[in-house]
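The values are calculated or read from the model by the stated rules, or taken from the named source; none is laboratory data. Just so we're clear, the structure is a prediction, and the values are computed from it rather than from any experiment. Note that we place each Cβ from the backbone using ideal geometry, even for glycine, and neighbour counts take in every protein chain shown.
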Amino acid sequence: MPMTLKDLADFCDAQIVGGDASVAIHSAADITSAQAGQVTQLTSSRYVQHIKNSQASACFIAEGFAVDNIPGQLALLVCADPELSFIKAVELLHPARVYSPQIAPSAVLGEDVALAAGVHVGAFAVLGDNTAIGEGSAILAGVYVGNKVKIGKNCRIYPYAVIYDDVVIGDNVIIHSGAIIGADGFGYKFRDNRHVKVPQVGNVVIGDNVEVGANTCVDRGALGSTLIGAGSKIDNLVQIGHNNKVGKHVIMCGLTGVSGSCHIEDYAILAGSSGIADHVTIGMGAVVMARSGVAGDVKAGAQVFGSPAKDKKTAYKEQIALSKLPELLKKVKQLEEQIQLLGEQLGPSEDAG
């Protein structure tokens, strides 16, 4: 959506320094590739070297962030929070696709389906019996929604996502392609030399403003509910086991796996490829760093690393010590050789024999 630089600056609460306020801005790009008619951002000193050769028409920058060698055509958009202002600019210049209210002829609707105003149901989507879809939500092509599912307002369910029976989804939720919400939890008892399946008769409840990445799985509770709190963001390829209680505004990065019956408290961060054992509590605001394995509770605000995970400072010291092990072994070998040589020079002891 092209607009003048002045209009863009006004919308994003930024002050124009240099450049041409009347230039047309049509899109956004990163600082290494932005061209004329595009806006970019500079938020880290690591990328300052790219500013002198930039072809961009405008660049968001923080108040007091000093830069030199600014090209003549480049206007600086000075603001208090350039990252947030840039997000607003991207949303304005690249508006999300709007799906018109309709039900595709090839969609399959079960009995007693309730569709609020403005709902879009795409081609070959399936909605089970007694399912309700809130106002303005879009159920895109090939989505399967089971029986007795409730989906709130302004949600977007991307193609080929699967939502099992009895799932409850709040407002403004995004579920990406291939995600599976409400599959059976992984529960078995070993009896008579075989694995006996434990019935999984609970459900999944997802709060408002949650985003679930592609090919992520959230298992239903065995008896109660698996809960995902409002504002939480779950990356692609994440596994959330049955009966987990995920708090508000939690971040789970790609390839994270959470076993059953865990409590991930508000604002916790699980970095990529982290693994959480069952019945573990991750405290409020705690950070589990990438590729860490957590077998016990993590206190609120703690930062842990390693497998088994421990306080990151301790873990880093251990990693440094391990990195020095080859050199230490080399020195030990040298000392052993010197001791052996010294023994040979001294000859056999008088007590020998």
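Just one of (1) among the aromatic types (Phe, Trp, Tyr); (2) assigned to a helix (DSSP H, G or I); (3) within 17 Å of the chain's Cα centre (by Cα) fails for Tyr267. It is (2). Can you name the residue in the stretch 178-201 that is in a loop (DSSP other than H, G, I, E, B) and touching an Asp or Glu at 6+ places or on another chain (Cβ under 8 Å) and is also farthest from Tyr164 (Cα to Cα) among such residues? Within the stretch 178-201, the match that is farthest from Tyr164 (Cα to Cα) is Phe186. The residue of the stretch 68-88 that is farthest from Asp7 (Cα to Cα), among those that are among the hydrophobic types (A, V, I, L, M, F, W, C) and either buried (at least 17 other Cβ atoms within 10 Å of the Cβ) or touching a Phe, Trp or Tyr at 6+ places or on another chain (Cβ under 7 Å) (or both), is Ile70.
Conditions (1) in contact with a strand residue (DSSP E or B) (Cβ under 9 Å, 6 or more places away or on another chain); (2) surrounded by 14 or more Cβ atoms within 10 Å (Cβ to Cβ); (3) modelled with pLDDT of 95 or more; (4) closer than 22 Å to Ala66 by Cα, marked per residue:
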| position | (1), (2), (3), (4) |
| --- | --- |
| Pro2 | yes, no, no, no |
| Leu5 | yes, yes, yes, yes |
| Ala9 | yes, yes, yes, yes |
| Gln15 | yes, no, yes, yes |
| Ala21 | yes, yes, yes, yes |
| Ile25 | yes, yes, yes, no |
| Ser33 | yes, no, yes, yes |
| Gly37 | yes, yes, yes, no |
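Contact map, the stretch 162-189: residues that are on the phi < 0 side of the Ramachandran plot and without any contact (Cβ under 8 Å) to a residue 12 or more places away in the chain paired with residues that are among the β-branched types (Val, Ile, Thr) and not in a loop (DSSP other than H, G, I, E, B), Cβ distance under 9 Å, separation 6+ or inter-chain. Pairs shown: Tyr188/Val196; Lys189/Val196. Taking the stretch 216-263 as the range and being more than 19 Å from Val162 (Cα to Cα) and among the β-branched types (Val, Ile, Thr) as the test, the residues that pass are Val246, Val250, Ile251, Thr256, Val258. Being small (Gly, Ala, Ser), over 17 Å from the mean Cα position of the chain (by Cα), at pLDDT 95 or above and in a loop (DSSP other than H, G, I, E, B) is true of Ala222. For the stretch 74-115, filtering for residues that are under 18 Å from Gln15 (Cβ atoms) and more than 32 Å from the chain's Cα centre (by Cα) leaves 2. Among the residues of the stretch 14-42, those that are within 8 Å of Ser57 (Cα to Cα) and in contact with a His (Cβ under 8 Å, 6 or more places away or on another chain) comprise Gly37, Gln38.
Results for (1) under 18 Å from the mean Cα position of the chain (by Cα); (2) on the phi > 0 side of the Ramachandran plot, shown as yes or no for each residue.
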position: Asn244; (1), (2): yes, no
position: Ile251; (1), (2): yes, no
position: Leu255; (1), (2): yes, yes
position: Cys262; (1), (2): no, no
position: Met289; (1), (2): yes, no
position: Gln303; (1), (2): yes, no
position: Ala321; (1), (2): no, no
position: Leu341; (1), (2): no, no
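Take the stretch 120-142 and flag every residue that is part of a loop (DSSP other than H, G, I, E, B), within 22 Å of Gly170 (Cβ to Cβ) and under 27 Å from the mean Cα position of the chain (by Cα). If the condition is that a residue be part of a loop (DSSP other than H, G, I, E, B), within 22 Å of Gly170 (Cβ to Cβ) and under 27 Å from the mean Cα position of the chain (by Cα), then Gly122, Ala125, Gly134, Glu135, Gly136, Ser137, Leu140 are the ones that fit.
Quick one: in the stretch 1-25, which of the residues that are assigned to a strand (DSSP E or B) and closer than 16 Å to Leu93 by Cα is nearest to the chain's Cα centre (by Cα)? So, considering only residues that are assigned to a strand (DSSP E or B) and closer than 16 Å to Leu93 by Cα, the one nearest to the chain's Cα centre (by Cα) is Ile25.
If you take the residues in the stretch 270-282 that are under 15 Å from the mean Cα position of the chain (by Cα) and closer than 11 Å to Val298 by Cβ, which one is surrounded by the most Cβ atoms within 10 Å (Cβ to Cβ)? Here the answer is Leu270.
Are any of the residues in the stretch 291-313 in the same structural domain as Ser261 (by TED's automatic domain parsing), touching a Leu at 6+ places or on another chain (Cβ under 6 Å) and not aromatic (Phe, Trp, Tyr)? For the stretch 291-313, residues in the same structural domain as Ser261 (by TED's automatic domain parsing), touching a Leu at 6+ places or on another chain (Cβ under 6 Å) and not aromatic (Phe, Trp, Tyr): absent. Of the residues making up the stretch 124-153, those that are among the polar types (S, T, N, Q) and surrounded by 18 or more Cβ atoms within 10 Å (Cβ to Cβ) number 2. The set of residues from the stretch 72-100 being of a type outside the set (Lys, Arg) and part of a helix (DSSP H, G or I) comprises Pro82, Glu83, Leu84, Ser85, Phe86, Ile87, Ala89, Val90, Glu91, Leu92, Leu93.
Filtering Ile206, Ile175, Ile180 for residues that are buried (at least 21 other Cβ atoms within 10 Å of the Cβ) and out of contact with any Gly (no Cβ under 8 Å at 6 or more places or on another chain) leaves a single hit, Ile175. Taken together, the residues in the stretch 39-67 that are among the small types (Gly, Ala, Ser) and surrounded by fewer than 15 Cβ atoms within 10 Å (Cβ to Cβ) amount to 4.
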